[in-house]
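Report on one structure; see the data block that follows.
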Amino acid sequence: MRLFDTLTRTDRDLRPIDGTTFRFYCCGPTVYGPAHIGNFRTFVLQDVFRRTLETGGTRTLHVRNITDVDDKTIRDSQKAGKSLSEFTAAWTAKFHADCEKLGLLPPHIEPGAVAHIPQQIDMIARLIAKGHAYASEDGSVYFKISSFPGYGSLSRLDERELDLGKTQNARSSSDEYEKDSLSDFVLWKARRPEDGENFWQSPWGEGRPGWHLECSAMIEEYLGDSFDLHSGGVDLVFPHHENEIAQSQCACGGHFAAHWFHITHLLVDGGKMSKSLGNLYTLEDLAAKGFSAMEVRYVLIGAHYRKPLNFTLESLSGAREALAKLAKGARQLAAKVEPGTLLSSADFGPFQNAWNSLNNDLNTPGALGGIFTGLREAAHLSGAEAAAALAGLNRLLRALGLTLPEEAAVESVEIPADVHALAEKRWQARLAKNWAESDVLRGQLTELGWSMKDGKDSYALEKIS
RNA sequence: GGCGGAGUAGCCAAGUGGUAAGGCAAUGGUUUGCAAAACCGUCAUUCGAGGGUUCGAUUCCCUCCUCCGCCUCCA
């Protein structure tokens, strides 16, 4: 597949460096609360990315970390009166549950920062030995940006008016640590009183690792000094990924990530999502409004990953209808195929365009459009062609990670006796072609909060929500 | 202010130097006592505004307007 690369700003073909397995790393969540749909846009697109590679026959190694120590996890665990590990374990479990609902494939490896402190300390020691880092008097360690000429290549720092020297004066008064240059970033944070019990021993004294370091250390541990792709939300380009490049290339040599895949942020109702605006949605918030995680997933893949996606409740309703339409189309296609037919998956039949879209810079909305168009074409197919089309459709749905809703599962709701009696009465009136009375009775049912829909030989009662 | 991205029908949203995918909503018809459901249709002379290049631009260039992101630990 071809994918846009943030570093070179070009579309490039993806080929595993080692020729067999595509190895990639995704910056995972900081577990101090429930992830919101903006976080999940990134994780869902990374999931579609992986599924597309695998559907195309490429084996993958997917590593995604859990950030379980930083300012926020420490602060909020203290607020909650829990130990850091107890606190982050609970939110990690919640994250996993949400991921499963969204149909996200679990990463092959999911390392946590706290479990990799020795590796982080080792990396810092190497950076100091090579002259890329220095310890300050308080026991913190900083990366010396001036020691790495390549710094800023990913975010094009040299083209920005970010004068690393100049900003120092303006901000040094509020800086709590002692750095040579303000732009230098922290690798090891000396223990502070507010850290409570959350500190570890190091050659530089008690403290904890800086945020940027964990990814570099875990990448080295599981992917080595060179690997295929690194991914995250756009906000991580600077400084997080920039710092990772500096740390890893200086400590390990190697070229680090061969490709950078960044997902653009989600907008809600045309603007930034924020708690104060009341539009920061978690899966739970949306479930409370009656929307399933799969409907959320459909909306999230409904826009190209490099364009802003405007999330609205209206688009969620649209997703429900669209999924139902897809499910119906899939059922109709399946009905044309003899049960037991061996489904060929050599090509995608009428869904070839959809598959091509997915492989052309992960164009998920293009792929969805192609599926609906393909479904229309597939309606005219039969026999082996229909079987091949069905196979193609199934592969595509798997690549997108979409699980289609089952045929209208009738919910068994308790129907009050008076409602039931009224309905029976109306049904009899209707059978007697007494339309006037029939309509009056339906009006009464409506007032009780029930709608009555007539079928050929029976009727259905539905609670009006 | 610097850098980056975006403005396509009521909403979500693809796409292309050659005359606008798809989904939702809406709407017409068939059907149904009427509804609902289902099925079959319709639905952007136009792509933020104004210039330019071109036989031809929504697509390339310039200017302007609006929105969004990043600018030191936010996916």
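Which of the residues that make up segment A:39-53 are over 14 Å from A:Pro106 (Cα atoms) and either touching a helix residue (DSSP H, G or I) at 6+ places or on another chain (Cβ under 8 Å) or within 7 Å of RNA strand B (Cβ to nearest atom) (or both)? Break it down stepwise before answering.
Narrowing segment A:39-53 to residues over 14 Å from A:Pro106 (Cα atoms): A:39, A:41-42, A:52-53.
Within segment A:39-53, A:Asn39, A:Arg41, A:Thr42, A:Thr52 qualify.
Of everything in segment A:21-38 that is free of Cβ contacts under 8 Å to residues at least 60 places away in the same chain and in contact with a strand residue (DSSP E or B) (Cβ under 8 Å, 6 or more places away or on another chain), the residue that is farthest from RNA strand B (Cβ to nearest atom) is A:Thr21. Of the numbered criteria (1) in contact with a helix residue (DSSP H, G or I) (Cβ under 8 Å, 6 or more places away or on another chain); (2) in contact (Cβ under 8 Å) with a residue 40 or more places away in the chain, the one A:Tyr222 fails is (1). Scanning segment A:274-310 for residues that are within 11 Å of RNA strand B (Cβ to nearest atom), within 25 Å of A:Gly370 (Cα to Cα), part of a loop (DSSP other than H, G, I, E, B) and not aromatic (Phe, Trp, Tyr) yields A:Ile301, A:Gly302, A:Ala303, A:His304, A:Arg306, A:Lys307, A:Pro308. Among the residues of segment A:236-273, those identified as within 26 Å of A:Lys307 (Cβ to Cβ) and more than 11 Å from RNA strand B (Cβ to nearest atom) are A:Glu244, A:Ile245, A:Ala257, A:Ala258, A:His259, A:Trp260.
Residues are listed down the side, and each one gets a yes or a no for (1) crowded, with 19+ Cβ neighbours inside 10 Å; (2) of a type outside the set (Lys, Arg); (3) under 18 Å from A:Leu368 (Cβ atoms); (4) over 18 Å from the mean Cα position of the chain (by Cα):
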{"residue": "A:Thr21", "(1), (2), (3), (4)": "no, yes, no, yes"}
{"residue": "A:Cys26", "(1), (2), (3), (4)": "yes, yes, no, no"}
{"residue": "A:Val31", "(1), (2), (3), (4)": "yes, yes, no, no"}
{"residue": "A:Gly38", "(1), (2), (3), (4)": "yes, yes, no, no"}
{"residue": "A:Phe43", "(1), (2), (3), (4)": "yes, yes, no, no"}
{"residue": "A:Glu54", "(1), (2), (3), (4)": "no, yes, no, no"}
{"residue": "A:Gly57", "(1), (2), (3), (4)": "no, yes, no, yes"}
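Screening the candidates A:Gly329, A:Gly318 for the property of being of a type outside the set (A, V, I, L, M) and surrounded by 19 or more Cβ atoms within 10 Å (Cβ to Cβ) yields one hit, A:Gly329. Of all the numbered requirements in (1) within 8 Å of RNA strand B (Cβ to nearest atom); (2) more than 22 Å from A:Cys99 (Cα to Cα), A:Glu377 misses one, and that requirement is (1). When you scan segment A:44-58, do you find a residue that is under 30 Å from A:Ala133 (Cα atoms) and among the polar types (S, T, N, Q), even just one? No, segment A:44-58 contains no residue that is under 30 Å from A:Ala133 (Cα atoms) and among the polar types (S, T, N, Q). Taken over segment A:100-122, the residue count meeting the criterion of being of a type in the set (A, V, I, L, M, F, W, C) and assigned to a helix (DSSP H, G or I) is 4.
Of all residues in segment A:54-65, those being touching a helix residue (DSSP H, G or I) at 6+ places or on another chain (Cβ under 7 Å) and within 18 Å of A:His262 (Cβ to Cβ) number 3. Pairs linking a residue in segment A:40-65 that is over 18 Å from A:Leu397 (Cα atoms) and without any contact (Cβ under 8 Å) to a residue 60 or more places away in the chain to a residue that is within 13 Å of RNA strand B (Cβ to nearest atom) and of a type in the set (Phe, Trp, Tyr), with Cβ atoms under 9 Å and 6 or more positions apart or on different chains, are A:His62/A:Tyr25; A:Arg64/A:Tyr25; A:Arg64/A:Phe43.
Results for (1) farther than 26 Å from A:Ser248 by Cβ; (2) charged (D, E, K, R), shown as yes or no for each residue.
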residue	(1), (2)
A:Thr6	no, no
A:Thr10	no, no
A:Thr30	no, no
A:Arg51	yes, yes
A:Asp71	no, yes
A:Ser85	yes, no
A:Lys101	yes, yes
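Listed residues A:Leu404, A:Leu393; which is under 29 Å from the mean Cα position of the chain (by Cα) and either outside any helix (DSSP H, G or I) or away from RNA strand B (no atom under 16 Å from the Cβ) (or both)? After applying the criteria, what remains is A:Leu404.
Taking segment A:358-374 as the range and being within 10 Å of RNA strand B (Cβ to nearest atom), more than 23 Å from A:Val296 (Cβ to Cβ) and part of a helix (DSSP H, G or I) as the test, the residues that pass are A:Thr373, A:Gly374. Please work out if A:Thr341 is of a type in the set (Val, Ile, Thr), over 22 Å from the mean Cα position of the chain (by Cα) and either modelled with pLDDT of 90 or more or surrounded by fewer than 17 Cβ atoms within 10 Å (Cβ to Cβ) (or both). So A:Thr341 fits the description; yes.
The values are calculated or read from the model by the stated rules, or taken from the named source; none is laboratory data. Treat the numbers as computed from the prediction; the structure is a model and nothing was measured. Glycine gets a Cβ as well: all are built from the backbone with ideal geometry, and neighbour counts include every protein chain shown.
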